[in-house]
Amino acid sequence: MDLFEIQRKERLKKDSPLAERLKPRTLEEYVGQEHILAPGKLLWRAIRADRITSIILYGPPGTGKTSLARIIANTTKSNFVQLNAVTSGVKDLKEVIKEAKNQLGMYDKRTILFLDEIHRFNKAQQDGLLPSVEKGTLILIGATTENPFFQVNNALISRSMLFELQPLNKGHIKVIVQKAIEDKERGLGSYNINLQDEAIDFLGSVAGGDARRALNALELAALTTERSEDGRINIDIQGIRECMQKKPINYDKDGDYHYDVISAFIKSMRGSDPDAVLHYLARMLYAGEDPVFIARRIVIAASEDVGNANPNALVVANNAAQAVQFIGMPEAKIILAQAATYIALSPKSNGSYVGIKRALSDIENGEIGQVPVHLKDKSYKGAKKLGHGLGYLYPHSYPNNYVKQQYMPDELEGRVYYELSDNGQEKKIKEMLKRLKEKE
C-alpha cells in the first residue's frame with residue numbers, strides 16, 4: 001500500500017460518522033454486555049485466548065454486534081473476512097470458502113467469516129455455509145437483529161454458540177457519550193464541547209439502548225450549534241431533543257420484539273397489573289401497532305383469563321373492539337386502555353379455557369361415546385320408533401328449573417371438564433350449583 005492510499009484511508013476514517021470512528025478496538029474499550037463479556041465470562045475468555053468457535057450474535061441495532069466482530073478481528077491471528085448478507089451472494093461465499101481452504105491447507109491458518117445480517121441469507125445460502133462450518137474450514141460469526149431460532153437454519157444454530165446482546169442501559173450510553181466528548185483522536189474532544197448534565201441524562205434515556213443513535217444525535221448537535229463568545233459549543237437538552245427527534249422503540253411488527261411485547265401485554269392483563277398493561281399498550285401504539293390487532297388480544301384475554309368470573313369482561317372487550325374500528329386512532333387508544341385495564345382488574349378464571357382443552361383432548365383420543373338416547377333429536381318422522389328422546393326430563397317442568405339426569409355419554413359419565421373457581425361471579429355460580437345438587 002503506497003503513501004497516497006494510506007493518506008486516503010486516513011482521510012476517509014476522519015470523515016466517517018462519529019459512531020463509526022468511536023467503535024471499540026479492544027475489549028477494554030467495549031461498553032456493555034457484561035453478562036457475556038465481563039472478565040472471566042466464556043466469550044471474554046475465548047476472545048482473549050484467540051479460541052473463537054462459530055458463534056451467532058443476536059440483538060437489536062446499536063448494541064455492539066459489529067464492534068465485537070471488529071475486536072475479534074483485531075485480536076485474532078486467523079484470517080478475518082467480513083461479508084454483509086444484504087450485498088453478498090453465493091459467488092462471494094464460494095470465493096471465501098475457496099480461500100479459506102487454501103489458507104488452511106497451505107499455511108495451517110484458520111479463517112473467521114463475519115457475516116453481518118445473516119438472517120438476510122435464504123435457506124439455500126445458509127445451507128451453503130454448513131459443510132465448511134462442520135469441517136472447520138472456516139469459523140462463522142453471524143450477526144442478526146432477528147431471533148435466530150426463527151431466521152437461521154437449525155443446523156447452523158446447533159453448530160454455533162448463541163449470545164444474545166441486550167440494549168444498552170442509560171449508564172452505558174452516558175459512558176459512551178462522555179468518551180465521545182473527551183476523545184481528541186477519534187471523538188469530539190477538539191471541539192471544546194460543554195454538554196449539560198440534563199442533556200446527557202436525556203440522551204441516555206431516549207436512545208432506546210442504541211449507542212449509534214445517541215452518538216449521531218450528539219454529533220449533529222455539535223456540528224449545528226454555534227460557538228459562544230468563549231469559543232465553546234454549549235449543548236443543552238433542547239438542542240439534543242431536536243437532534244434526537246422521535247424515540248426509537250425496538251418493535252418490529254413482523255419480528256421477535258412484536259411477539260415479546262404482545263406477550264408481556266397479555267400476561268400483564270392476566271397478572272392483574274394495570275400499570276404494566278398501560279405501559280405495553282403505549283409501547284405498541286407508539287410503534288404503530290394495528291389497534292384492531294390489540295383489540296383482538298383483549299377479547300381473547302377476556303374469555304381465556306377472566307371468563308365467567310366476570311362475564312361482563314367479554315362484553316366490554318367485544319364492544320371495545322367494535323368501537324376501535326368505528327372510532328379509529330388516535331382516540332381508539334382511550335378505548336383500548338379502558339378495556340385492557342378492565343380485564344386486568346377483573347377477577348380471574350381460566351375454567352372455560354382449561355375445560356375446552358380437556359374436552360378436546362378426550363375427543364382427539366377417541367373417547368367420544370354415544371349421545372344418550374333420551375337426548376337425541378326426536379323432531380323427525382320415525383325418531384319415535386328408534387326411541388329417540390324417550391325419557392327426557394324437561395328441566396323447566398321441575399323446581400328451580402333443574403332435574404337430575406344423564407347428559408354425558410356413558411363412557412364419559414362423571415368426567416369433569418369445567419372447574420369453577422372461588423373468584424368473582426364464578427363463586428356465586430358454584431354456590432348455586434351446589435344448592436341444586438343438594439336438592440337432588
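Please treat every number below as a calculation from the coordinates, not as lab data. Since the model is a prediction, treat every value here as computed from it, not as a measurement.
The angle separating the long axis of helix 197-206 from the principal Cα axis of greatest extent in the chain is about 50 degrees. Alpha carbon centre of the range 293-324 versus the range 267-285: separation in Å? Value for the Cα centre distance between the two parts: 15 Å. Here Lys437 is the anchor, and the lysines within straight C-alpha reach of less than 18 Å, apart from those fewer than 8 places off in the same chain, are Lys404, Lys427, Lys428. Proximity of backbone amide H atoms, modeled 1.01 Å from N, is registered between Phe80 and Ile112 at under 5 Å, excluding neighbours fewer than 5 places apart on the same chain.
Using the Karplus relation 6.51 cos²θ - 1.76 cosθ + 1.60 with θ = phi - 60°, the per-residue 3J(HN,Hα) values for the range 342-356 come to 4, 5, 4, 8, 7, x, 10, 7, 9, x, 5, 5, 5, x, 5 Hz, with x marking Gly and Pro. Backbone geometry of the range 177-193 corresponds, through the Karplus equation with coefficients 6.51, -1.76 and 1.60 at θ = phi - 60°, to 3J(HN,Hα) couplings of 5, 4, 5, 4, 6, 8, 6, 7, 7, 10, x, 10, x, 7, 7, 6, 8 Hz, x marking Gly and Pro. The separation of the range 383-428 from the range 177-246, counted between C-alpha centres, amounts to 73 Å. Scaled against the 2.2 N^0.38 Å expected of a compact globular protein of N residues, the Cα radius of gyration of the range 33-164 reads 0.99.
If the Kirkwood radius is taken over C-alpha pairs of the range 369-438, then at 10 °C and 1.306 mPa s the Stokes-Einstein diffusion coefficient equals 110 µm²/s. Here Rg and Dmax of the Cα atoms in Å was calculated from the structure, and among (1) 24.7, 93; (2) 31.8, 108; (3) 23.5, 78 it sits at label (2). Rounded to the nearest 10 degrees, what's the angle between the helix 274-286 long axis and the longest principal axis of the chain, both from Cα atoms, 0 to 90? Roughly 60 degrees, rounded to the nearest 10.
Once C-alpha pairs closer than 8 Å and six or more residues apart are averaged by separation and normalised to the residue number of the chain, the relative contact order reads 11 percent. By how many degrees, 0 to 90 and rounded to 10, does the Cα axis of helix 291-301 deviate from the longest principal axis of the chain? It works out to around 50 degrees. Among Thr224, Thr53, Thr341, the largest mean-square fluctuation in a Gaussian network model of the chain (Cα springs under 10 Å) belongs to Thr224. Between Asn194 and Ile233, Asn234, Ile235, the built amide H atoms are under 5 Å apart, and every one of these is 5 or more places off in sequence or on another chain. Each 10 Å bin from 0 upward holds the following percent of the Cα-Cα pairs of the range 256-345: 19, 57, 23, 1. Shown in residue order for the range 51-59 are the 3J(HN,Hα) couplings computed by the Karplus curve 6.51 cos²θ - 1.76 cosθ + 1.60 at θ = phi - 60°: 10, 6, 9, 4, 9, 10, 9, 10, x Hz (x for Gly and Pro).
In the elastic network of the chain, a GNM with C-alpha springs shorter than 10 Å, the most mobile of Leu68, Leu42, Leu215 is Leu42. Residues whose amide H falls under 5 Å from that of Leu162, counting only those 5 or more places apart or on a different chain, are Ile56, with hydrogens built in the peptide plane.
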